[in-house]
1. Would you point out the residue of segment 772-798, among those that are outside any strand (DSSP E or B) and either farther than 22 Å from Thr717 by Cβ or hydroxyl-bearing (Ser, Thr, Tyr) (or both), that is modelled with the lowest pLDDT?
2. Under the condition of being under 14 Å from Val258 (Cβ atoms) and not hydroxyl-bearing (Ser, Thr, Tyr), which residue from segment 137-160 is surrounded by the most Cβ atoms within 10 Å (Cβ to Cβ)?
3. Every residue in segment 288-321 that is among the acidic types (Asp, Glu) and either over 19 Å from Leu14 (Cβ atoms) or in the same structural domain as Arg94 (by TED's automatic domain parsing) (or both), please.
4. Given the residues Gln166, Gln133, which is the only one that is in a helix (DSSP H, G or I) and closer than 30 Å to Ser238 by Cα?
5. Answer yes if at least one residue in segment 456-471 is assigned to a loop (DSSP other than H, G, I, E, B), among the β-branched types (Val, Ile, Thr) and within 28 Å of Asp378 (Cα to Cα), and no otherwise.
6. For segment 335-369, which positions are surrounded by fewer than 20 Cβ atoms within 10 Å (Cβ to Cβ), more than 26 Å from Trp284 (Cβ to Cβ) and of a type in the set (Ser, Thr, Tyr)?
7. Among the listed residues Leu34, Leu71, which satisfies the condition of being in contact with a helix residue (DSSP H, G or I) (Cβ under 7 Å, 6 or more places away or on another chain) and either surrounded by fewer than 16 Cβ atoms within 10 Å (Cβ to Cβ) or over 30 Å from Val348 (Cβ atoms) (or both)?
8. Taking the condition of being of a type outside the set (Ser, Thr, Tyr), touching a residue at least 60 places away in the same chain (Cβ under 8 Å) and in a loop (DSSP other than H, G, I, E, B), how many residues in segment 318-363 meet it?
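The values are calculated or read from the model by the stated rules, or taken from the named source; none is laboratory data. Computed from a prediction, not measured in an experiment: that's the story for all the values here. Note that we place each Cβ from the backbone using ideal geometry, even for glycine, and neighbour counts take in every protein chain shown.
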Amino acid sequence: MNQHSLQLLDFPKLLEMLGGYCQSDLGRNLLLSLRPDNDVQVFQRRRNLYADILHLQEMTCTLPGLFLEDLTEILLRVSPSGAVLSGEDLLRCRSLLAVTAEVTEFLAEKEVVTLPTLCRLASRLDPCADLRQKLDRSLDADGTVLDSASEKLRAIRRDIAYTDRQIQRSLDDILKSYAETDILQDNFVTVRNGRFVIPVKREARSQMPGFVHDLSNSGQTLFLEPSATLEMGNNLASLRLEERDEVRRILASLSSGVRAQVDALRQNQQILAELDAANGVGHWAVDYHCLLPAFGGRLRLEQARHPLLQAHFRQEGQGRKVVPLDFDLPKGVSCLAITGSNTGGKTVALKTIGLLALCAQSGLPVPVGENSVFTIFDNVLADIGDEQSLQTNLSTFSGHLHNIADILDEAPEGNCLVLLDELGSGTDPLEGGALACGILDALAAMNTLTIATTHLGMVKNYVHSRKDMLNAAVRFNIDSLQPEYILDIGRPGASHALHIARKLGLPSSVLSTAEGMLSGEHLRLEDMLSRMENEQHRLDSSAEAAAAARQEAEQLRTALEQEKKEFRKQRRERLNAAFTEAKDIVLETRREMENLLRSLKEASAQPQELDAKTKAVREQMALRLAMLEKQEKRTTERPAAPLSPQDLRLGLKVWVPRLESHGRITGLDTDGKQATVLVNGIAFTLKTKELEKTREPDTADKKPQVIARQPRFTGNTSHELVLVGMRVEDAIARLDAYLNDCLLARLQEVRIVHGFGTGRLRQGIHDWLRQQQHIKSFRLGKDYSDPGGAGCTIVTLF
């Protein structure tokens, strides 16, 4: 990619913003070195890594702390044979291994299918467990070598501590013995040159035997090591030398372990830096509502926002938001000329398209809508801003031409995105316009997508005359003199120079002179463009109103759908309640029947009482059956057939299957094909063929009728019930109803035909019969005396 174009499009500034989301300088520096690539595999690998990071954040997880120190210099120093690192340097190596182990353990718990790129990257990490264990055992938090580093060091330090205490006790005794004399300058023990000494007055030197290690600044105090502790002091010094040698040996051993793992440590550092950079990108993407780029045949942007402009508005703290940009060129168009007022947002549109294209080809998430599609450019070439240079003696116009010449040289080398700001400006408008048209013509002949901004009428006309080119305008509010940052593709924009001058307070005489110097054709063109902009604003307002109406209709549809679901739910609940009630009626009837049958059995000796009891059973059963029939009608009532044209009339109550509700016709069209139906207070326009009759009485046309219903039992009950071929559950339900009828008919013995088959039906019937108290007995049929033989069961009732 062209490095100059990266600078013009603020790509390095974007990377600096992303780097602020990293935890380490390593991750930050890695991001700052990121560059767009036209190799699909390169930026696709980055994109896959960012995709896993975003997926991880969706799982409300985040990578462990990636606070890394750069070990590059340390690993270089330890590489030569015999090199020894300090405890502090070894501590930094241990810190890297600790982070490595934590990240490895964290990702080991994740599924490879869910986070393939992250897990694959983590599989290359080497926690160097043995080395880390040695470092943990050998180093304190400040890099000091611990006693646990070796048994020898532990023993030496134990001897040092013992000798130290001996010397202290001896010196304390000496101080006490000389306390009443005039020999001591001060009554304490201090250290000089690593030896324990006592401050003695110079003139009393001969009164205390020992070795002088130091002299005070005044020369009046000698720091003397008494002869009594000289040998112990020598022994302590010797032990300290042994300690130093052992510590050095341990550091050398640990350094050797680091040296053996230099390659692993370098790789760990690189991978962790990549993870830190990717983690930073993920946090930035969530913060700025970015999506992973999708790639296709041509560039199409929806709801695109310039991330640096977003950041600028956030820093302002005034609640301003970036107006999203939509960009979609028709097929066959390779050049877009963006026109409009100065400060009208043309350059922002240009930079937004360019910067997001660079982001996408870096694999970075982009702040766009989900239907956006990017294409892969071999190069992105830009000429934006003031290219004036004092060092090279270039004017603004010359600077632009110098850049454009380079662009024309590079563009033929591949599929390029070319961005040109204020094309043809900085010189005579007529010559500049002609030059701009020539440049656009040359770029159109190459394999490029060119987007240019301009004010020049000649360029607008030239672009309008080409089928492969298109004008566009960035909307501008002439009243507030503020850009609206909305790109209208397909029409040129007015410059509004005179309008802006009038708004800014230029004298009317100046404006009159200026208008007089402009040709009538130019004024008509500007007036036409202004009217086109106003018409576009009107159409946009209408479109917004239509969109609002559609949204309101959608909300109403959603509310009705919800109401429909709630109605269905309530209907199911009512049906369930009705069936539960019916079941309770049956169970209660059965209990009462069993109680009555027990009474019948006890009263079987008195015929009159038997008749009375039987009559009570019949009446109770008839009452229960009547209740069940009423319940059945209430829970199984369904609408009838579709309405005929002759049935249609205003006020007719109908059933609407689509809404599963009753309604009333409040309006009919002339041909009778559509009707307005009021359902639950809401009017619907429906096709009449969607309506059906309802069995519910129409209270608007008919008076209520009282219908007497007789019990369902008729008394014509057969002595035989055939259940062959039925499932056990269905057969028992049928048998239960049949035996109830038999009881009411006062039948004493009946035959149940179940057939032979597998025997499951017969066994199920027998198991059920054993549980019924109104069954006196039952037996399997006999081949020689009962029709059906063993394929039937004879049941005797009380």
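1. By that ranking, first place goes to Tyr784.
2. My answer is Leu139.
3. Once the filter is applied, which keeps residues that are among the acidic types (Asp, Glu) and either over 19 Å from Leu14 (Cβ atoms) or in the same structural domain as Arg94 (by TED's automatic domain parsing) (or both), segment 288-321 yields only Glu302.
4. Gln166
5. Checked segment 456-471: no residue is assigned to a loop (DSSP other than H, G, I, E, B), among the β-branched types (Val, Ile, Thr) and within 28 Å of Asp378 (Cα to Cα).
6. If the condition is that a residue be surrounded by fewer than 20 Cβ atoms within 10 Å (Cβ to Cβ), more than 26 Å from Trp284 (Cβ to Cβ) and of a type in the set (Ser, Thr, Tyr), then Thr343 is the only one that fits.
7. Leu71
8. Going through segment 318-363 one residue at a time, the tally reaches 12.
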